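The values are calculated or read from the model by the stated rules, or taken from the named source; none is laboratory data. In this text the structure is predicted, and so the values were computed from the model without any measurement. Positions of Cβ are backbone-derived with ideal geometry, glycine not excepted, and every protein chain shown enters the neighbour counts.
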Amino acid sequence: MARSSLYQQVAAEVRRAIYAGELAPGDQIPTEADLMEAHGVSRNTVRLALGELENEGLILRMRRRGTFVRERRPLLMRPQDEFLPYDHEGRRFDTFVHAVRSEGRTADQRIEVSIVEPPEDVATRLALADGALAVVRRRLRFVDGQPYNTLDSYFPLEIVGGSEIARPGDITRGANRVLEELGHLQVRVIDDLSARMPTSDESSRLQLEPGTPVVVHTRVGYDADDTPVRVAVSVLPADKHLIRYELERH
């Protein structure tokens, strides 16, 4: 049997045990020596198998401590909830805060606001002229004190300059309400979802373990004149989020 088949067989057995719940999050998996004996394979074969599982984000190898099943408690996100009605005090419905609190967990965030020449793909989505500026509101969002995802929202400076969107701090009633007050109610959105490995900056900010991929959720909001007025880019670690859309036939 080829070496690749051997290590894949070992990886498959450990993977099965994890998904079956025989090895729960936080459990230590068998040692390299135990896996070698159980499967009759070499140490190199076991290490290749563990490397594959680590790249999949299923295990965490800790020097001098051993190898453990990674904690997995995905946060259920429902992007379609963003435009649910405001509450009786006129405050926004924050989908992230709602998702976190509905699970009995604690949400927090850090916000940075700046005026930038946006990345080319964002500028294209906003239909900005060459060199045009945008206001970006960058959020690093936390669940139970742990960094969970980022959300960077870009707005044309021509539209939001001088408004609360361009000033530091949270906006209690939400940026969408401010856009509405400025005459740019978002009447439709286009969502793109893609997956990739994180950049080094994303790995650092989100404290990602090696081998953790991210899902990038890009939302473009359009007003009644079909003018793009907002591009929101969320970076979601794949092991911490479950994205759910619900569609109804009309």
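Please count how many residues of the stretch 235-250 are in contact with a Lys or Arg (Cβ under 8 Å, 6 or more places away or on another chain) and under 17 Å from Ser203 (Cβ atoms).
The number of residues fulfilling the criteria is 2.
Every residue in the stretch 41-86 that is part of a loop (DSSP other than H, G, I, E, B), of a type outside the set (A, V, I, L, M, F, W, C) and at pLDDT 85 or above, please.
Passing the criteria: Ser42, Arg65, Arg78.
Does Arg110 count as closer than 16 Å to Leu236 by Cβ, in the same structural domain as Glu202 (by TED's automatic domain parsing) and not hydroxyl-bearing (Ser, Thr, Tyr)?
no
In the stretch 22-67, what count of residues is obtained for those that are surrounded by 13 or more Cβ atoms within 10 Å (Cβ to Cβ), of a type in the set (A, V, I, L, M) and more than 21 Å from Leu208 (Cβ to Cβ)?
Looking only at that region, the number is 7.
Just give me the residues in the stretch 115-156 being crowded, with 19+ Cβ neighbours inside 10 Å and over 21 Å from the mean Cα position of the chain (by Cα), in sequence order.
Ala123, Leu126, Leu128, Ala134, Val135, Pro156, listed by residue number.
Tell me yes or no: at least one residue of the stretch 229-242 is of a type in the set (D, E, K, R) and surrounded by fewer than 13 Cβ atoms within 10 Å (Cβ to Cβ). Don't jump to the end; show me each part of the working.
Residues of the stretch 229-242 of a type in the set (D, E, K, R): 230, 239-240.
Next, from what is left, pick out any that are surrounded by fewer than 13 Cβ atoms within 10 Å (Cβ to Cβ): none.
No - not one qualifying residue is present in the stretch 229-242.
Small (Gly, Ala, Ser), crowded, with 18+ Cβ neighbours inside 10 Å and either assigned by TED's automatic domain parsing to the domain that holds Leu58 or in contact (Cβ under 8 Å) with a residue 40 or more places away in the chain (or both): is that true of Ala195 in this structure?
no
Just to be sure before I move on: is Ala33 farther than 18 Å from Arg72 by Cα and free of Cβ contacts under 8 Å to residues at least 60 places away in the same chain in the structure I sent?
Yes; evaluated as a whole, the condition is true for this residue.
One residue is enough: does the stretch 115-135 have a residue meeting the conditions farther than 21 Å from Leu179 by Cα, in contact (Cβ under 8 Å) with a residue 24 or more places away in the chain and touching a Lys or Arg at 6+ places or on another chain (Cβ under 9 Å)?
no
Out of the residues in the stretch 94-145 that are assigned to a strand (DSSP E or B) and basic (Lys, Arg), which is farthest from Ile159 (Cα to Cα)? Talk me through it step by step, then tell me what you get.
From the stretch 94-145, those assigned to a strand (DSSP E or B) are 107-116, 134-143; that's our starting set.
From what's left, basic (Lys, Arg): 110, 137-139, 141.
Working: Arg110: 24, Arg137: 15, Arg138: 18, Arg139: 21, Arg141: 26 Å.
If we take residues in the stretch 94-145 being assigned to a strand (DSSP E or B) and basic (Lys, Arg), then Arg141 is farthest from Ile159 (Cα to Cα).
Please tell me if Glu164 is modelled with pLDDT of 95 or more and surrounded by 12 or more Cβ atoms within 10 Å (Cβ to Cβ). Please lay out each step first, then the result.
Working: modelled with pLDDT of 95 or more: yes; surrounded by 12 or more Cβ atoms within 10 Å (Cβ to Cβ): yes.
Yes, satisfied.
Name every residue in the stretch 7-30 that is touching a residue at least 40 places away in the same chain (Cβ under 8 Å) and either touching a Ser or Thr at 6+ places or on another chain (Cβ under 7 Å) or not in a helix (DSSP H, G or I) (or both), in order of residue number.
Those that are touching a residue at least 40 places away in the same chain (Cβ under 8 Å) and either touching a Ser or Thr at 6+ places or on another chain (Cβ under 7 Å) or not in a helix (DSSP H, G or I) (or both): Tyr7, Leu23, Ala24, Pro25, Gly26, Asp27, Gln28, Ile29.
Just one of (1) of a type in the set (Gly, Ala, Ser); (2) within 28 Å of Val214 (Cβ to Cβ); (3) without any contact (Cβ under 8 Å) to a residue 40 or more places away in the chain trips up Gly169, so point out which.
The one condition Gly169 does not meet is (3).
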